[in-house]
Every structure is written in C-alpha cells, then in structure tokens.
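Readers should treat all values here as calculations from the given coordinates under stated rules, not as data from a laboratory. Everything numeric here is computed off the predicted structure, so don't read it as measured data. Cβ coordinates were reconstructed from backbone atoms using ideal geometry, including for glycine residues, and neighbour counts include every protein chain displayed.
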Amino acid sequence: MVQSVLLTGAAGRVGSAILGGLADDYEWRLLDREPSTDDQPGEFVVADITDAETVREAMDGIDVVIHLAGDPRPEAPWNSVLTNNIDGTQTVFEAAVDADVEKVVFASSNHAVGNYETDERTPEMYREHDDYLLDGTELPRPSNLYGVSKAAGETLGRYYHDEHDLSVACVRIGNLTQGHPPIGYERGQAMWLSYRDCAHLFDRCIRADYDYEIVYGISDNDRKYYSIARAREALGYDPQDNSAYYDGEERVVEPDA
Ligand SMILES: NC(=O)C1=CN([C@@H]2O[C@H](COP(=O)(O)OP(=O)(O)OC[C@H]3O[C@@H](n4cnc5c(N)ncnc54)[C@H](O)[C@@H]3O)[C@@H](O)[C@H]2O)C=CC1
Ligand SMILES: O=C1O[C@H](COP(=O)(O)O)[C@@H](O)[C@H](O)[C@H]1O
C-alpha cells in the first residue's frame, strides 16, 4: 500500500533532495512556512510548525512524518533554535502521536556531536587513514546552540517513543551538497551526503521497521568518522556515493570500478 508522508521543511535543500528521488513513490503532503515556487508532487500547506492547530490538521491521514523544518544555521541564535527547532519539534511529535502516526523521522545534525572534533583529533580524524569513528551510541556533545537544539530533538523523540510507542529515527545528517562533495573542505568531504544517498536513506526510514534509532546520514566516504553500520543494519541503508570518487567537481572513479 502506498504510504502517506508529511514532509515538513519541504521547500528547503534536504526536502528537495528527498522529493527529487522519491516524488512518485508516496502520497506526499508538504509543509513549510515559505510557499514553494517549484511544481510539487502533493498538497502544499503553508504553515509554521509552532502553530499546533495547523500542524495537527496536516497530520490527518498521515502514516509517516519526515520532520526537517527548522533553523539549519550552525550559528543560529538561541531564540530562533528554541522556537523553531525545539518548540516546533515538540509540536510536531505531539501532533503525530495525537493523529496515530506510525513513524517520525527527525532531521538531526552532525552538530549534535560536533565537539568530539577536539583540537587533538583534528584534522587527522577527517582523513582516510584515521580510524576514529562515532557510531550513534555516544552522548551528544554539541558544538553550538543549534547542535543543542538537535540533541533536544533526539531526546524528544526518545520520550515520544518510550511514552507513546511512536517509531522514531533520528538522522544525524552530515553535509548535503548537490552534484559533488564540498571542495577544499576535509571535514565536509568526510561527512558528505549526496542527494541520491539522501533520498535513499529517507526512503529506508519510511519503509523499515524500528523502535528508536539514531543513525548518521552520510555517504560511504573513505574519510568517514561517522559509522554507517547502524543505518545499514537497522534501516537497510546502502549508499552509492563516496567523496573519494571525486576530484573537485568531477567524478573520477565509478563505484564498482
Ligand atoms: N543541509 C544539510 O547539510 C543539513 C541539514 N540538517 C537539518 O535538515 C533540516 C533541513 O535543512 P536544509 O534543508 O538544509 O535547510 P533549509 O533552510 O534549506 O530548509 C529548511 C526549511 O524549513 C523551513 N522552516 C524553518 N523554520 C520553520 C518553521 N518554524 N515552520 C515551518 N517551516 C520552517 C524553511 O522555510 C525552509 O524551507 C534542518 O532541520 C537542518 O537542521 C542537518 C544537518 C545537515
Ligand atoms: O547541520 C548542518 O550541518 C551542515 C554541515 O555543517 P558545516 O559546519 O560543515 O557547514 C550545514 O551545512 C547545514 O547548514 C547545517 O544545517
């Protein structure tokens, strides 16, 4: 049966990567406070996620919520992350439980654990020969207030799973860029997430069965310091891209070469 998916933050970059790969695969309801200028595959609700009543209405008949809406800036000030990322995320989880939604997929971030990147470990940990790996079982160690808000979102997910039996997947997204990995930025290459792997990962989050998961959302980069073992095991994630296949903007190695 085709599932109905509510995508918050649909007008943004991650939303565009997901819809670029999965537009025809689900019945979509899209929500964003900014109206989208693109052609959209489903009904588009212009709303703020802190508006509990409208968010509740948007959940009607929905099986799975992908919750992306929020302030994505690592340098975002506290008042913005408190409102958009923490209060908004609590509103989304609460409405999902009220509407008997099956799963919520929460867009967490590398910045929830950014302070594991200590002066002693960097830049070596961004390089292929270094075997330092975070696996999602470590405690949050945010690098900014934005990262604090993402750790809070993961904790809200834990609460709504334990207390209300909602299935929750928190995806600590790395660095999503279209076409090729970041250039001249080792950290960004280590945590690169290609558009196609992004769509595939969120597809797996919609389809897989799980209780509560924290996984890293990156491609299969040789430089990685985030393990993708849990995403493979719990969700069936099978990424196709690797920042090592690129020389600048150009893909120089094919995956099965
Ligand atoms: N792009 C990346 O590499 C990463 C993104 N993320 C997370 O993924 C999510 C999406 O990020 P992007 O697409 O890059 O950001 P974006 O800024 O391109 O998209 C976010 C969307 O959310 C909407 N939005 C923000 N606050 C809202 C509110 N209160 N109510 C309704 N809509 C609201 C914005 O209008 C925007 O369209 C964010 O939660 C971000 O923290 C996490 C790690 C990396
Ligand atoms: O959470 C996020 O992380 C990415 C990557 O972080 P950066 O410090 O390497 O830029 C960032 O681009 C994105 O805007 C943010 O939401």
Checklist entry - If you go through region 184-216 one residue at a time, how many are in a loop (DSSP other than H, G, I, E, B) and either buried (at least 22 other Cβ atoms within 10 Å of the Cβ) or more than 15 Å from ligand 2 (Cβ to nearest atom) (or both)? => result 6
Checklist entry - Can you name every residue in region 90-115 that is more than 19 Å from S143 (Cβ to Cβ), crowded, with 17+ Cβ neighbours inside 10 Å and touching a strand residue (DSSP E or B) at 6+ places or on another chain (Cβ under 8 Å)? => result V92, F93, A96, V101, K103, V104, V105
Checklist entry - Has region 147-157 got any residue that is within 16 Å of ligand 2 (Cβ to nearest atom), assigned to a loop (DSSP other than H, G, I, E, B) and in contact with a Ser or Thr (Cβ under 7 Å, 6 or more places away or on another chain)? => result no
Next on the checklist: Quick test for you: out of T122, T118, T137, pick the one residue that is surrounded by fewer than 17 Cβ atoms within 10 Å (Cβ to Cβ), within 14 Å of ligand 2 (Cβ to nearest atom) and in a loop (DSSP other than H, G, I, E, B).
Outcome noted: T122
Checklist entry - Which is among the acidic types (D, E), more than 12 Å from ligand 1 (Cβ to nearest atom) and under 19 Å from R204 (Cβ atoms), of D60, D25, D39? => result D25
Item to check | Residue that is surrounded by the most Cβ atoms within 10 Å (Cβ to Cβ), among those in region 24-74 that are free of Cβ contacts under 8 Å to residues at least 60 places away in the same chain and of a type in the set (G, A, S) | outcome: A58
Checklist entry - From the set of residues in region 125-134 that are over 19 Å from G184 (Cα atoms) and in a loop (DSSP other than H, G, I, E, B), which is nearest to the chain's Cα centre (by Cα)? => result L133
Checklist entry - Quick one: how many residues across region 127-178 are farther than 20 Å from H67 by Cα and away from ligand 1 (no atom under 16 Å from the Cβ)? => result 11
Item to check | Output for region 230-253, where each listed residue is assigned to a helix (DSSP H, G or I) and either surrounded by 14 or more Cβ atoms within 10 Å (Cβ to Cβ) or in contact with a strand residue (DSSP E or B) (Cβ under 7 Å, 6 or more places away or on another chain) (or both) | outcome: R230, A231, R232, A234, L235, S243, A244, Y245
Checklist entry - Restricting region 66-90 to residues that are touching an Asp or Glu at 6+ places or on another chain (Cβ under 8 Å) and more than 8 Å from ligand 1 (Cβ to nearest atom), which is farthest from Y26 (Cα to Cα)? => result S80
